[in-house]
Amino acid sequence: MATASRNVGPHGRGATVEELRGWRAFLHLARELRLARLARFAYPYRRRALLSVVAMVVVVLTSLSVPYLVKVGIDRGIDAGDLRVLDLVIVAFIAVSAVNLGASYVQTYLTSWVGEHVVLDLRRTLFAHIQKLSLDFFSRQKTGWIVSRLTNDIDALSQLVTEGVTSLVTNSLTFIGAIVFLFILDWHLALATLSIMPLVIGATLVFRTRSARAYALVRERIANVSAHLQESISGVRVLKAFRREDADRAALDRANAAYRDVNMRTVVQSGLYFPFVELMSAAGVVIVLWYGGSLVSDQALKIGVLVAFIGYLASFFDPLQQLSQLYNTFQASMAAVQKIFAVLDTEPDMLDAPGAVPLPDVAGELELRDVTFGYEATTPVLHEVSFTVPAGRTVALVGATGAGKSTLVKLLARFYDPQQGAVLIDGHDLRDVTARSLREQLAVVPQEAFLFSGSVLDNIRFARPSADAEDVKRVARIVGAHDFVTALPDGYETEVQEGGGGLSTGQRQLISFARALLADPRVLILDEATSSVDAESERRIERAMDVLFSGRTSVIVAHRLSTVRYADEILVVDDGRIVERGTHDELFATGGRYAELYREWEATGRAL
Amino acid sequence: MRTIWRITKLLGDYKWLTVAGFVLAFAQMGLSLVVPRIIQLTIDRALIGGESGLLRWYGLALAGVGVARFGIAVARRLTTGKASLGIEYDLRNRLWARLLRQPFAFFDHWPTGQLMSRAMSDISNVRMFLGYGIVFFAVNIVMMVAVAVILLATDWRLALVSLAFLPALLVVTWRFSRRLQPILKDVQQRIADVTAAAEENIVGTRIVRIFAREDDELAKFSERSTRVFEASVAAARTRALYIPLIAFVPNLAIALLLWYGGRQVIQGDITLGELVAFYTYLMMLVFPAQVIGWLTGLAQRAIASGDRIYELLDAPLEMEERADAAPLPQADGAVAFEGVSFSYVDRPVLDDVHLEVPAGRTVALVGHTGCGKTTLANLVPRFYDVSGGRVLVDGHDVRDLKLDDLRRHIGVVTQDPFLFSASIAENIRAGRPEASDEEVRAAAAAAQADEFVTALPEGYETVVGERGFTLSGGQRQRLAIARALVMDPRILILDDATSSVDVETEFRIREALVEVMKGRTTFIIAHRPSTISLAEEVVVLDHGRIVERGAHDELMAAGGTYAQMFGDAEAQHCDLDAVPVEKPAAAGGPA
């Protein structure tokens, strides 16, 4: 295959079918390994990368020349009694060492510089790509999983591109170079010494595959221990409440023992392999001294060659051991690379269509036209839904859990595209406008009021970073958040923890409202929070809704039927269809689904 | 110093393996020291001296040493490996067993991440040091001394010339490790910042999209990634400077040796074999000197890790069971609070609470966020101990009872129903491991969970929790209720069991509750009037005190705090949810 691939270009012109298959197979292998793709990230830094490879070659050559210099020093200097040669050799030795020092510096620094640049670029690319992925991706993958791609996997890769590449190149070069030097010095003795190589290489191959397997198991089992502990600590209150301490201790013991046992396997493997390589190295010394010694006795060889041989022996046993270690790093990194590229290969399905135009300033008329949608194409959640919300109106979506209210919101905000039909704003199909321009005029306040770590000010300003502190305070006052914010220890500068810890649900909701108001969108979609908040905040929130809805088109998903009174019109969603629409009084009088929902809901309350 | 002694004492449990490891390591080192001597003899006597018949014997001797070293090295690796893995295993089990004895307050104080990193990476640092570091450290020191002695004994002038590099090398390696450590720490810290940024972005991804702030987020992430890059390159620069230097310094010694020793050989003061042996011994000195800095780092990390581990192991157990704790095989379920006060880290939460609940009675605990209602309920199963007064179950102070017996009679449904990554059946069975399949199903049915569970593809065998099938809040709550029910407890504590579910589900859960509360003493911590209505008696708490108690109607008529809280809701006819709620995040923490 190798010869075939040498003869044909990448386009395979003039190649036989047979050769083409070989070439393709090679390409396939390369694709599997993702190396080419990884190399593309190194391309912008190719000059420095090339320079660092040159430096590596210099490092290896200078290292390998040392035993040779020793040989010259012994044979032509000491043995011949020639002080001039001895001094020349010493000067040469110092010079070579100095070059080695310089080249090592250049090599180590440049390799890391290039490697870390690749890692940085890849991390940014991955992050930027994740920003484009559909929300579907985020609901399918757990947060920890995605974060792990951006951190652990990238870090594993960082190891490969900095230390791994250097180790691979220098060790391979050293190994080959040492053998070449042996043959130059004396091919008889070289052959005799290398006769142990098949044993060493065989042992290395066996060890490499077995230990790769064992280390994979070790990683898996330590992950089990870690996952078990993580979960037990998170759930420790339940554990204690249900007196499961002993059972849990036993479960950890099992995971822990399983990890210990498989780790012992790696101890046994390397406990046999590394001493074996040392044994073979000793065998090499025995061959050099015994056989080489007899050659010296026969005047066929000089003593200096013998000493140099012993020096070179280390130069090919060390690289072999290093390379066998490298295989584990390589495997782990490749697994990481594959996961990273799998994310990069996930198509962002909400990209702007080619030719998408910025949405002009809109009045805010919303329309759903014969929309059919399902998270999986085969099981529609919405069936041919059509409705229009005139600009400036407030509409409430009402329905049981799972009726499709939240899905409607996701389509209106273009978190998803419909499979059939269209969503339009002022007559523009959402798919024909750029996502950015749409978001500037349409905002969603989600059920869960998420706050970022940072000050309250930053959190409100998130919607419009250019806003000044006065703007922020103004909107905070309007939604009724100003009072409690100023009462916080550092006022607007108070740091909130990720997720909004430290503030009550109601307070977070109000900050989230202020944020939306600051964005001042033409269309506002509010998914009402289900979890209850204290009475005080509840009243504030409802008052704030009034402010929020005025002067813009608003769609509210009403979980509490108390909020429907803020709506001009109610749309009743049932089983993916709009079954009724009208005002509260109209719908209640009709005695349909709404009346049913309302009575049910009221019964809950009346149970007092 | 104390820590290193304590860590080292851990080897005591593997005394014989440790002793064997040391003996073997020294034997291995001793054999290594023989090799240059044999090479020297080979050169001087067999090759230069012309006694070529000796070649065979020297060859055999070298082969013998090689084989012996192989055997010893295998044995050494197995013994120290076994001991260190054993220590890691013991230490982790011991740490977790100790943590499990700590009360709730301990876990309120310690973040999960802290406990995790101590149980995982800190323990593995200690293992590395004990299994590898100590032996290596000892062997390397002895090796350096032994080689130095051999060199001085062979030719003290030559020895002094060639050993001159040793202090320089030690200084360089020591400085290297001292300069690199803080940079590596910095890299770790900056990686943690990147992780935090990534995590937050992903959790808050919807908000980012809604306000089209992707570019800002990318800029923030890029900036933090760049900081990692800068620190990593700084680390690389330090390595690039020192690692080649550490290799270079011994080369100067070799140059000196060749220059001085070569002349001596030519003058006939020493033999060529001696020079080669000298050279080989010198090489044996280089490696220990190079790694000693690294080993010191390993020891420092192990000590720091040991400190962190012992901080947890030494933390006093604040709520141990009394030695003479009384069993409670049967209980009626009468609960009484007598002048109970409770402070949480100097913040008073409960103040002189008196409350008597006869067996079988259902009581609703009501009040604003932070009024102490969850805390009050948590005192019954001794999740926390009172700061003053006492809590009685069937007339026994809970602190006098066996903890296991006390909790056996109390079923708890917490605010955030935590499920383990196990099958639904196993999760429900947590309440009573010996429960039969029928009993599990019956409990699920009573909690209105049977229907949705059987609709799942794998029914009761469906794995849920963090690493399993994602259930809705309402579904998890119903499973938590089933888990409490399968215990058939005399006392039931329902903490905000119906928050964050929709109206229909709440209706069903409430129906379930009516059924399960029958014949049990029940505390309901409630926020919705509909749930409060299940109780025979309502206890209103405010600022850690009971301000009102009585039936719902009585309290409404009385026009006090309770009427104020719910009167508004009544008037607005729709505002039924307008009732205070506890923060739903922390499961069972003190309110």
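The values are calculated or read from the model by the stated rules, or taken from the named source; none is laboratory data. Note that the structure is predicted; figures quoted are calculated from it, not measured. Note that each Cβ is placed from the backbone with ideal geometry, even for glycine, and that neighbours are counted across all protein chains shown.
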Discussion item. Would you confirm whether or not the stretch A:214-222 contains a residue that is at the interface with chain B (Cβ under 10 Å from one of its Cβ atoms) and part of a helix (DSSP H, G or I)?
Written reply: yes
Worksheet item: If you scan the stretch A:377-424, which residues turn out to be polar (S, T, N, Q) and within 25 Å of B:Thr505 (Cβ to Cβ)?
Response: A:Thr379, A:Thr401, A:Ser406, A:Thr407
Worksheet item: Is it the case that A:Leu587 is away from chain B (no Cβ under 14 Å) and assigned to a helix (DSSP H, G or I)?
Response: yes
Worksheet entry | Hey, B:Leu55 more than 29 Å from B:Gly12 (Cβ to Cβ) and in contact with a Gly (Cβ under 8 Å, 6 or more places away or on another chain) or not | yes
Worksheet item: Only one residue in A:Ala98, A:Ala80 is assigned to a loop (DSSP other than H, G, I, E, B) and within 27 Å of A:Gly304 (Cβ to Cβ), so which one is that?
Response: A:Ala80
Worksheet item: What's the number of the condition A:Ser232 fails, among (1) buried (at least 19 other Cβ atoms within 10 Å of the Cβ); (2) at the interface with another protein chain (Cβ under 7 Å from one of its Cβ atoms)?
Response: (2)
Discussion item. I need the full set of residues from the stretch A:344-357 which are of a type outside the set (Ser, Thr, Tyr) and either at pLDDT 90 or above or out of contact with any Asp or Glu (no Cβ under 9 Å at 6 or more places or on another chain) (or both), in order please.
Written reply: A:Leu344, A:Asp345, A:Glu347, A:Pro348, A:Leu351, A:Asp352, A:Pro354
Worksheet, complete the sentence: Flagged in the stretch B:68-87 as at the interface with another protein chain (Cβ under 7 Å from one of its Cβ atoms) and without any contact (Cβ under 8 Å) to a residue 40 or more places away in the chain, in numbering order, are B:Phe70, B:Val74, B:Arg77, B:Leu78
Item to complete: Would you please name the residue that is nearest to the chain's Cα centre (by Cα), looking only at residues in the stretch B:95-126 that are more than 15 Å from A:Ser234 (Cα to Cα) and among the aliphatic types (A, V, I, L, M)?
Response: B:Met120
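Rundown of residues vs (1) assigned to a strand (DSSP E or B); (2) surrounded by fewer than 19 Cβ atoms within 10 Å (Cβ to Cβ); (3) touching a Pro at 6+ places or on another chain (Cβ under 7 Å), yes/no style:
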position	(1), (2), (3)
A:Ala403	no, no, no
A:Leu408	no, no, no
A:Leu411	no, no, yes
A:Arg414	no, no, no
A:Pro418	no, no, no
A:Leu424	yes, yes, no
A:Arg431	no, yes, no
A:Leu438	no, no, no
A:Ala443	yes, no, yes
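Considering only the stretch A:290-300, I want to know if a residue exists there that is in a loop (DSSP other than H, G, I, E, B), outside the structural domain of A:Arg414 (by TED's automatic domain parsing), at pLDDT below 90 and in contact with a helix residue (DSSP H, G or I) (Cβ under 9 Å, 6 or more places away or on another chain).
Yes, because at least one residue in the stretch A:290-300 is in a loop (DSSP other than H, G, I, E, B), outside the structural domain of A:Arg414 (by TED's automatic domain parsing), at pLDDT below 90 and in contact with a helix residue (DSSP H, G or I) (Cβ under 9 Å, 6 or more places away or on another chain).
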Item to complete: Among the residues of the stretch B:7-44, write down those that are basic (Lys, Arg) and at pLDDT 90 or above.
Response: B:Lys15, B:Arg37
Item to complete: Looking only at the stretch A:234-251, decide whether some residue is of a type in the set (Ser, Thr, Tyr) and touching a residue at least 12 places away in the same chain (Cβ under 8 Å).
Response: no
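Condition check ((1) more than 12 Å from chain A (Cβ to nearest Cβ); (2) among the acidic types (Asp, Glu); (3) under 21 Å from B:Ile532 (Cβ atoms)) across all residues:
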{"position": "B:Gly360", "(1), (2), (3)": "yes, no, yes"}
{"position": "B:His368", "(1), (2), (3)": "no, no, yes"}
{"position": "B:Leu376", "(1), (2), (3)": "yes, no, yes"}
{"position": "B:Pro381", "(1), (2), (3)": "no, no, no"}
{"position": "B:Gly389", "(1), (2), (3)": "yes, no, no"}
{"position": "B:Gly395", "(1), (2), (3)": "yes, no, no"}
{"position": "B:Val398", "(1), (2), (3)": "yes, no, no"}
{"position": "B:Val413", "(1), (2), (3)": "no, no, yes"}
Practice prompt. Check the stretch B:407-415 and report whether any residue there is of a type in the set (Ser, Thr, Tyr) and crowded, with 21+ Cβ neighbours inside 10 Å.
Written response: yes
Worksheet item: Among the listed residues B:Leu31, B:Leu62, B:Leu24, which satisfies the condition of being buried (at least 20 other Cβ atoms within 10 Å of the Cβ) and either under 23 Å from A:Ile196 (Cβ atoms) or facing another protein chain (nearest Cβ under 7 Å) (or both)?
Response: B:Leu62
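Can you spot a residue in the stretch A:28-35 that is assigned to a helix (DSSP H, G or I) and within 10 Å of chain B (Cβ to nearest Cβ)?
no
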Worksheet item: Within the bounds of the stretch B:564-580, is there any residue that is over 21 Å from B:Val412 (Cβ atoms), modelled with pLDDT of 75 or more and at the interface with another protein chain (Cβ under 8 Å from one of its Cβ atoms)?
Response: no
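Each row is one residue, and each column tells you yes or no for (1) of a type in the set (S, T, N, Q); (2) closer than 30 Å to A:Ala212 by Cα; (3) modelled with pLDDT of 90 or more; (4) surrounded by fewer than 19 Cβ atoms within 10 Å (Cβ to Cβ).
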position: A:Tyr259; (1), (2), (3), (4): no, yes, yes, no
position: A:Thr266; (1), (2), (3), (4): yes, yes, yes, no
position: A:Tyr273; (1), (2), (3), (4): no, yes, yes, no
position: A:Ile287; (1), (2), (3), (4): no, no, yes, no
position: A:Val305; (1), (2), (3), (4): no, no, yes, no
position: A:Ala308; (1), (2), (3), (4): no, no, yes, no
position: A:Leu313; (1), (2), (3), (4): no, yes, no, no
Fill in: Residue pairs meeting the criteria (Cβ under 8 Å; at least 6 apart or on separate chains; first in the same structural domain as A:Tyr327 (by TED's automatic domain parsing), in the stretch A:197-215; second β-branched (Val, Ile, Thr) and assigned to a helix (DSSP H, G or I))
A:Val200/A:Val277; A:Ala203/A:Val277; A:Thr204/A:Val277; A:Ser211/A:Thr266; A:Ala214/A:Val262; A:Ala214/A:Thr266; A:Tyr215/A:Thr266
Worksheet, complete the sentence: With the first residue restricted to the stretch B:15-27 and required to be within 19 Å of B:Phe129 (Cβ to Cβ), and the second required to be in a helix (DSSP H, G or I) and of a type in the set (Ser, Thr, Tyr), Cβ contacts under 7 Å at 6 or more apart or on different chains are B:Leu17/B:Thr79; B:Ala20/B:Thr79; B:Gly21/B:Thr79; B:Gly21/B:Thr80; B:Leu24/B:Thr79
Worksheet item: Is it the case that the stretch A:530-547 has a residue that's assigned by TED's automatic domain parsing to the domain that holds A:His383, modelled with pLDDT of 80 or more and outside any helix (DSSP H, G or I)?
Response: no
Fill in: Scan of the stretch B:503-531 for residues that are assigned to a loop (DSSP other than H, G, I, E, B), more than 41 Å from the chain's Cα centre (by Cα) and either closer than 23 Å to B:His368 by Cα or not assigned by TED's automatic domain parsing to the domain that holds B:Val363 (or both), ordered by number
none
Item to complete: Would you confirm whether any residue within the stretch B:231-241 is more than 7 Å from chain A (Cβ to nearest Cβ) and free of Cβ contacts under 8 Å to residues at least 24 places away in the same chain?
Response: no
Discussion item. Quick check on A:Val485: is it at pLDDT below 85 and hydrophobic (A, V, I, L, M, F, W, C)?
Written reply: no
Discussion item. Among the residues in the stretch A:114-135, are any surrounded by fewer than 18 Cβ atoms within 10 Å (Cβ to Cβ) and under 25 Å from A:Leu51 (Cα atoms)?
Written reply: yes
